[in-house]
Each structure stands twice: as C-alpha cells, then as structure tokens.
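First up is the structure itself, then whatever we jot down about it.
The values are calculated or read from the model by the stated rules, or taken from the named source; none is laboratory data. None of these values were measured; they are calculated from a predicted model. Cβ placement follows ideal geometry from the backbone for every residue including glycine, while neighbour counts extend to all protein chains displayed. Note: accessible area is taken over every heavy atom of the protein model, side chains too, but ligands, DNA and RNA are not part of it. Shrake-Rupley method; radii C 1.70, N 1.55, O 1.52, S 1.80 Å.
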Amino acid sequence: MIHMASVTLDKKEWLKHLGQFGESVNDLKLILTESKLSYSVGFQTHYLSVTQTYPQSVKKTGDIHISSLDKVCAFLKKCEGLVTLKQMVNGKTLYISSGNFKMQLPVTDCKSTQMIPTYERLVKKAEKGMWESFGQDDYTLHGKVEMKEILKLASLKRLMDKNADFVVVANADSEELSVSAGKQHTVKLFASSKLIDVEGPKHSLTSNYGPWLLPCLSLVDNTLQSTIHFGMATGLVVQQSTDVCERLLIIIDQEE
C-alpha cells in the first residue's frame, strides 16, 4: 500500500500558515506527526520555526513539500471550509482538495530548507545556554513584550528606500523596545513597545538590519506575547508559545 501524507485544516488556518511569508519564501516543507504540523525556513536573513498542535487534523503522518506557495495561496483563497493537502512519500505532485474543487501541483527543489540543519544546531546550543548567546552573538537583554505597535511597521515596507537604516534599540532601564526605519530627510518610521520582566544592562543596546527587517516582523504573531533575546550588534530572537503553538523567529543583523 502506498503511504500518502495527509492533513486537513480549515482554509483560514492554511492561509495563516502558508500566507504569512510574502514574496521572500515560495517553498515550504510541512512535517506531519501524530497530532502536530511543523515547518521551518532558513535564510541568510532569518530563521522561522513553527509547531502547532491539531489533534484531529493529521490523517497520515509524513512530509509534504510545497514548491509554489503563491499558487497554493491563490487557490486556497477560492476554497471554502476544510481543505486537504496530500503527497506520496518522495512524490513529485502535491494534491489539494476542497470538496470537488481540486488542484495538483508539481514539486521541485525546496530552497527554504537548505540552511535549516545549521540553524537547528545553533538553536539547540543557544537553548542549552538559556539564550545567553547564539552563534557569535552575545545576548545580554531578555524580556517579554507585546509587539502590536512595532508590528504595524511590517505592512509599511513599501514606504522605505532600499538604502534606509533599519535599527532596533532595547533598553532594560526604560523598559522599551523600539524599531526605526528610514534616513534623515526621507520618510522615517518609528514604533516602540513596553518591555515586561526585562533583565539587561542599564544602557541602550542597538543593532542594525537591512530591508529584510520589516518583512521579517510580519512573521511574528501579533495576537501572542513574545519573549525576546537581544544584545549589542546582534540578531533579534522572538519566541512565542501557547499550549498548542511554538514559534521561534531569529532575525539576523547586518554585519558592520
């Protein structure tokens, strides 16, 4: 008997997962276990890992590869209610169905997974050390934050010049995390959020990023509280977890 990985979710749930990436990611590997859906993407600019529990949704365990997220999302938007994704082991075709409305898509290379083993190794080490460091970076500030205000910036990336400055500043003393984008004499955006239960030095910590900062912020779930890890000239680590969901986002800084 041919084993076919299969998972059924509501259209809105699918779009929450598959529609969050924008133009930066167009392929994804879904890992299905007994009751969980997991996926990760890794690039020079960022790493995102998501695991969500769906007790009744995974029909058959296994992996599902998606090569054209934009086409899948366009199809999903026309679906109603429950949508099933299926794929044979090592299969080269993705099957999507919503009642009698169906789509088949060829599967090609998965670029978004190539750097994942490296990231996973670094994350494991960082978790062991309670996020005091990640790779070469030392994280000296740790705290919780509601990022709603800051996340509004993510949708305004079109207002920015390519050569704008993208800066994150955190201060444990004033209990503030802020993000600014832009340059003097051009459009400048600024947003800040209050840090809670924060530990860190008594001065501001600053990191510079490239234009990828704003699109990456859109990968933070604005309904959940975040735990952040940050330092001077480091990446920004954003952890979010509930009883049913684990999200980890690492945004890599710009090397000076």
Once the Cβ-Cβ distance between D173 and K148 is put in as r, and R0 is 22 Å, what FRET efficiency do you end up with, to the nearest 0.05? 0.45
For segment 72-122, evaluate the Debye formula with one uniform point scatterer on each Cα (no solvent term) and list log10 I(q)/I(0) at q = 0.19, 0.21 Å⁻¹, rounded to two decimals. -0.74, -0.81
PRE reach from S38 (point 7 Å along Cα→Cβ): which of segment 51-80 fall under 20 Å by backbone N? 51-66
Which of F101, F75, F134 moves most in a GNM of the chain, Cα contacts under 10 Å? F101
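Quote the FRET efficiency, to the nearest 0.05, computed for K162 versus V187 with a Förster distance R0 of 22 Å and r equal to the Cβ-Cβ distance. Kindly include the intermediate steps, with their values, before the conclusion.
Details: r = 13 Å, r/R0 = 0.57.
Calculated transfer efficiency: 0.95.
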At the level of C-alpha centres, the distance separating segment 1-44 and segment 77-152, in angstrom, is 7
Can you give me the accessible area per residue for segment 43-180, using a 1.4 Å probe, in Å²? 58
Is there a pair in K124/K188; K16/K59; K36/K194; K36/K128; K144/K183; K29/K125 whose C-alpha atoms are over 27 Å apart, and which pairs would that be? K124/K188; K36/K194; K144/K183
First compute the accessible area of the chain with a 1.4 Å probe, then give the percent of it belonging to carbon and sulfur atoms. 50
For segment 141-232, diffusion coefficient by Stokes-Einstein and Kirkwood Rh (Cα), 25 °C, 0.890 mPa s, µm²/s: 184
Pick the calculated Cα extents along the principal axes in Å for this structure from [x] 67, 63, 34; [y] 55, 40, 33; [z] 62, 42, 29? [z]
FRET efficiency (T93, R121; Cβ distance; R0 41 Å; to 0.05) is 0.80
